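To keep things clear, I will list the structure first and then write my remarks on it.
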Amino acid sequence: MELRIYRADQNDFVFLKKLEKICFSSCQQMAERNLRHSLHSKTRTVFVAKIDDKKGDLQVGALIIHRYKKSVRIYSIAILPEYRKWKFGKKLMEYSMDLAKKEGFERITLEVMASNNSLIDWYLQFGFQKAKYLKDYYGSDADAWQMSLTLKTNEDRRKENLIVLEGSKHSLVNIDNVRIVSAKEYISSGKYQKLKNARVFNLCNSYKYQGVGYYVSLLAAARDHRVIPSVTTISDYQNTSVIKTLSYELDLLIQQSFNDVKDNKVLLTIYFGQTENYSYKQLASSLYMLFESPLLQINFTKNGKWQIAKVYPLSLDKVNDEDMAFLEKAMSHFFSRKRFVIPRLKSYRYDLAILVDPKEVNPPSCTKALDRFVKVADKMGIYCEFISKKDSNRICEFDALFIRETTSVNNHTFQMARTAYAEGLVVLDDPWSILRCSNKIFLYERMLLNKIKMPYSKVLSKKEFKQGKISDVGFPLVLKQPDGSFSLGVKKVNDEKELQNALSELFKTSELVIAQEYMPSQYDWRIGILDNKPLFACKYYMAKGHWQIYNWAEQNKGVDGDSETLDVTNVPSKVIQVATKAASLMGDGLYGVDLKEINGEVFLIEVNDNPNIDYGIEDLILKDALYEKVIDSFVRRIELSKDMSKYVSADPI
């Protein structure tokens, strides 16, 4: 019996409504409004399956899919009960798989009632794997499994493998396809700043924030090197909630692996995805892909069920002598492989969440500006909702996240950005922009590599400071804490004594500090960049009697200087060109680029993620058109993430 599959239209609505009621329980049925909307949606596609019958064409089933940035989600596959013996469900599944492959998607996801073992087994036959357990997904006590099928992986055979060490007691020998590099050489040598297509395996002694290992991973990202572990992964080790969330998808495998263990604690050591205990081979490989780090120790504890208690990244120095032979064997196997599997982030779905902190004294947008975002978005058919850090578990309800509170790698803003990105949302600021812009060492390396003029700068290390090797920048100079923001962590020093005192303070929290030539000026340019195009232009004048735009010391509360907003067409072309290029090196999001124009030359000072957009200042020229541009960027990014044509008009509601 031949099955024909075609895209549904409004004429199929009655059949689709009937099919939903026959095939699904009430908690799983799509609402009538949503079903009708799906027939003309840009983000969903509904297919109907029909056969030739004696009475003519007969509708027997349907398939509903959602397209995301890198994945396709099967919302439902349904066949009328009397036609299931013909295996039409299998044909619809194969049709969806062929479609996803043809359109270049990397995976297919779906949800299934956790209690429906026969259906779970059916999906397993097609290669789907359980990915995440979803508590109360269909309603109270109606749990689900999210399942995933990988369609393709990345391959890259041309990257050079670098192992970066920091004075280890162990030496590595007989490892093919690998170059051993010291941390000092990797950080400071121009050879590695210019090296293209490198894969960096960071085995430094510590990954603590702003330690040497941290900077190896950070600078690797600045140089476009593929690094393991990444700074994001390093951050994840410190966050128990992230570890708990990530490990959900391996819960069943963890329980099965330790089912026969009598003790209530297990310590598992993993070297490049392998462990000496063969019975834990599959678990070790899965954990490597989840917490991607060369050397790992993971503590498991049992309190009713097995859970990950803590994840420890290991340096080479902490590997036991008796484990070295196995480590070298694991490395030889690892580096002989032609494929490196990169864990994929999950994807999800169309409202805009705006992250704010109502208690923040100096937020990136004032209340009036936030109100303008909401009103303009509403006119453009986009629903906005203000959320706070307590709403982190609701991220997946939205299509996009707009961060309008001050960002930091070490707080919830970064974690929520990363979670949102992982769930497939469009995010401004994306986690990579937060990482890159929040660290001035990254900025300095990135701009140096791309020949963008900055005030003469030098990276000072704690080790050099202890050895008495101080900056040759000349006085006065500016010292910058790598992760300082809003002029905090920035000190002007006028002589050797002030330099010594300031460095003593700054080196308490960081291994590296930037020493930068002091360039006095009446104002700094601030150019807002969105999607690699200028959005607004301001002159920020220095605070009265102060050398910075913002004077935090004034009566123990911040006092800022005046501002002047200009049409971007009236800004010197050199300023716009430098700002646009500098922002493009950090990403394609929303940035505020600070520059100085001195004697006809333009110098970059900083590229900031999460720039100020305040009512009556940055929006003074464009007014509502500025907010429209930001919201329009979200709309276009959402559509692109779902791989929809830019020529398709907006969905009617």
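The values are calculated or read from the model by the stated rules, or taken from the named source; none is laboratory data. No experiment lies behind these values; they were computed from the predicted model shown. FYI the Cβ positions are ideal-geometry reconstructions off the backbone, even for glycines, and counts take in every protein chain you see. Heads up: the accessible areas ignore ligands, DNA and RNA and are worked out on the full protein's heavy atoms, side chains in. Shrake-Rupley method; radii C 1.70, N 1.55, O 1.52, S 1.80 Å.
Key figures for this structure:
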| item | result |
| --- | --- |
| Distant-in-sequence amide H partners of Phe386 (H built 1.01 Å from N, under 5 Å) | Ile354 |
| Student exercise, the chain dipole from Lys, Arg, Asp, Glu Cβ charges, in Debye to nearest 20 | 1540 |
| For peptides 223-234, 250-261, sequence by mean Cβ density within 10 Å, most packed first | 223-234, 250-261 |
| Note, ³J(HN,Hα) from phi for the range 276-293, Karplus 6.51, -1.76, 1.60, rounded to Hz, x at Gly and Pro | 5, 7, 4, 5, 9, 4, 5, 5, 4, 4, 5, 5, 4, 5, 7, 10, 2, 8 |
| Table column - 3J(HN,Hα) (Hz), the range 183-190, Karplus curve with 6.51, -1.76, 1.60, x for Gly and Pro | 4, 4, 5, 5, 6, 9, 6, x |
| Accessible surface of the chain [probe 1.4 Å, protein heavy atoms]: carbon and sulfur percent | 48 |
| Viscosity 1.002 mPa s, temperature 20 °C, Stokes-Einstein D of the chain from Kirkwood C-alpha radius, µm²/s | 78 |
| Per residue, in Å², the accessible surface of the chain once ligands and nucleic acids are set aside, probe 1.4 Å | 48 |
| Sparse-neighbourhood loop sites, GluC sites (Glu not before Pro) in the range 73-120 - DSSP loop, at most 14 other Cβ within 10 angstrom | Glu103 |
| Qualifying lysines (Cα of each under 17 Å from Cα of Lys132; at least 8 residues distant if same chain) | Lys244, Lys305, Lys346 |
| Where N is the number of residues in the range 1-97, Cα Rg divided by 2.2 N^0.38 Å | 1.04 |
| Protection proxy ranking of 374-381, 46-53 - average other beta-carbon atoms within 10 Å, highest first | 46-53, 374-381 |
| Cα lying deepest toward the dipole's positive end in the chain, options Gln307, Leu506, Tyr421, charges on Cβ | Gln307 |
| DSSP bridge pairs, the range 187-304: antiparallel proportion in percent, nearest 5 | 75 |
| The chain - share of DSSP beta bridges that are antiparallel (%, nearest 5) | 75 |
| Sequence-distant residues sharing a close amide H with Arg107 (under 5 Å, placed H) | Val72, Leu151 |
| Rg followed by Dmax, in Å, when the range 273-333 is reduced to its Cα trace | 12.3, 39 |
| Karplus (6.51, -1.76, 1.60) ³J(HN,Hα), θ = phi - 60°, over the range 315-320, in Hz, Gly and Pro reported as x | 8, 4, 5, 9, 6, 5 |
